[in-house]
Amino acid sequence: MTQILKGKFPVAQLKEWMKQETEKLKTGGIVPGMGIIRVGESPDDIAYENNIIRNCKDIGIQVQVFQTSPNTSPDAFLDLVRNVNNRLDIHGILIFRPLPDSFQIDSVKCLIQPQKDIDCIQPENLLKIFEGKTDGFAPCTPEAVIEMLKYYQIPLQGAHVVVINRSMVVGKPLAMMLLQEGATVTICHSKTKNLREITSQADIVITAVGKPKIFGAEYFHDRTTVIDVGINYTEDGKICGDVNYEEVYGKVQRITPVPGGVGGLTTAVLLKHVIEACKRQQI
């Protein structure tokens, strides 16, 4: 029978740790603080923001939202980032992306202090992932994947892991993190030939292509662990992953559902970074 890797269990474990850590910090008069910088009023951004605020309230993290218009000048936006950066009561910064082209994303990335870069857009933190250093912040989705695999005690050392994504947000940093765990990693993408042959030989397949239900049972074998990172919508507006869950369930060893899998754990990892950032800034 296929094991369903539900995200709510590692999320609950992580939340319990975070609550304990915030209580410890508060005994010293310190409240972990998070700054959200949002451009415009995208419904998806606002929904995610509200979800973060609810979780932060439950954990004990103080959140401040800095919202600006897409018509803001690039210089004014950089000034906003600098001001949030310099706030002593804000220990971690999240900037909703994508930003308008005029906002000079490369300048914004370099402007954020590495110790406040909880979403790993700062080049210094990203470089640490590739160097195998652990004193920075990893991108939240790749770290959530690692957390999921470790929570369910899925062996990584010596495992053949196929990652179907080559972006700097998911695929490349995730591959480096898996290598640090002793896995053998194959990165695939839209130009990969014989993809089914590659995935069907893997112990673990991680999909993050952003296309609804494109991976059927023929891509996996009965011992495969499938981690579906994709967040997509069907024609009738329902959320689904990259994997055809209904077809694949029962034909693999383990699988994450969408929704209910990696997504919620990614948010929990983001908040974990806020607490870690706060603790590091007290040293």
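Using the structure shown, list the pairs from 251/272; 116/211; 15/128 with a Cα-Cα distance above 29 Å, or answer none. The partial results should precede the final answer.
Values: 251/272 34 Å; 116/211 32 Å; 15/128 26 Å.
Over 29 Å apart, Cα to Cα: 251/272; 116/211.
Hey, what number do you get for the chain at 222 nm if only DSSP H runs of n ≥ 4 count, each worth -39500 (n - 2.57), divided across all residues, to the nearest 500?
One gets -12500 deg cm²/dmol as the mean residue ellipticity at 222 nm.
Relative to the Cα centre, what is the charge dipole magnitude of the chain, using +1 at the beta carbon of each Lys and Arg, -1 at the beta carbon of each Asp and Glu, and rounding to the nearest 20 debye?
460 debye
Taking only the Cα atoms of the chain, how large is their convex hull per residue, in Å³?
Cα-based convex hull of the chain, divided per residue, equals 135 Å³.
Which semi-axes, in whole Å and largest first, does the equivalent ellipsoid of region 140-263 have when worked out from the alpha carbon gyration tensor as the square roots of 5 times its eigenvalues? Display every interim value, and only then the final one.
Details: eigenvalues 80, 49, 44 Å².
Listed largest to smallest, the semi-axes of region 140-263 are 20, 16, 15 Å.
Please identify, among 79, 135, 44, the residue showing maximal mean-square fluctuation in a Gaussian network model of the chain using a 10 angstrom Cα cutoff.
So, out of 79, 135, 44, the one fluctuating most is 44.
Mind running the shape call on region 28-113? Use the C-alpha gyration tensor, a ≥ b ≥ c as the square roots of the eigenvalues: rounded below 1.5 for a/c, prolate if a/b tops b/c, oblate otherwise. Provide the component values of the computation, followed by the final result.
Numbers: a/c = 2.57, a/b = 1.38, b/c = 1.87.
Here region 28-113 falls in the oblate category.
Could you rank the peptides 186-193, 250-257 by their average count of other C-beta atoms within 10 Å per residue, with the highest value first?
Ranking, from highest mean packing down: 250-257, 186-193.
Please find, in a Gaussian network model of the chain (springs between Cα atoms separated by less than 10 Å), the residue of 204, 239, 37 whose mean-square fluctuation is greatest.
239
Let's test this: bin the Cα-Cα distances of region 141-203 at 5 Å from zero up to the farthest pair and state each bin's percent.
Once binned at 5 Å, the Cα pair distances of region 141-203 give 4, 19, 28, 26, 17, 5, 1.
Check every DSSP H run in the chain and write down those whose alpha carbon atoms cover 20 angstrom or more along the long axis and whose mean Kyte-Doolittle hydropathy is 0.0 or greater.
On the way: long enough: 8-27 (28 Å, -1.13); 43-59 (24 Å, -0.79); 262-280 (26 Å, 0.71).
Membrane-span-like by this criterion, though nothing is claimed about a membrane: 262-280.
Pulled fully out, how much extra length does the chain show between residue 218 and residue 65, if you take 0.36 nm times their separation in residues and subtract their Cα-Cα distance? The partial results should precede the final answer.
Working: separation 153, 0.36 × 153 = 55.08 nm, distance 4.53 nm.
That works out to 50.5 nm of additional length.
Calculate how many DSSP beta bridges within the chain are antiparallel, expressed in % of all such bridges and rounded to the nearest 5.
Around 5 percent antiparallel, to the nearest 5.
Once you've got the GNM for the chain with C-alpha springs shorter than 10 Å, pick whichever of 182, 29, 158 has the biggest mean-square fluctuation.
Sorting by GNM fluctuation, first place goes to 29.
Please get the size of the charge dipole for region 176-282, origin at its Cα centre, with Cβ charges of +1 on Lys and Arg and -1 on Asp and Glu, quoted in debye to the nearest 20.
Values: 12 positive and 12 negative charges, 72 e Å.
Approximately 340 debye in magnitude.
Can you compute the charge dipole magnitude of region 1-132 about its Cα centre, using +1 on each Lys and Arg Cβ and -1 on each Asp and Glu Cβ, nothing else charged? Give it in debye, rounded to the nearest 20.
Details: 15 positive and 17 negative charges, 113 e Å.
Its charge dipole is roughly 540 debye.
For residue 65, what residues show an amide H to amide H distance below 5 Å, using hydrogens built from the backbone and excluding near sequence neighbours?
Sorted by chain and number, the residues that satisfy this are 36.
None of the figures in this text is laboratory data; all of them are computed from the coordinates on show. Computed from a prediction, not measured in an experiment: that's the story for all the values here. Every residue, glycine among them, receives a Cβ derived from its backbone with ideal geometry; neighbour counts consider all protein chains shown.
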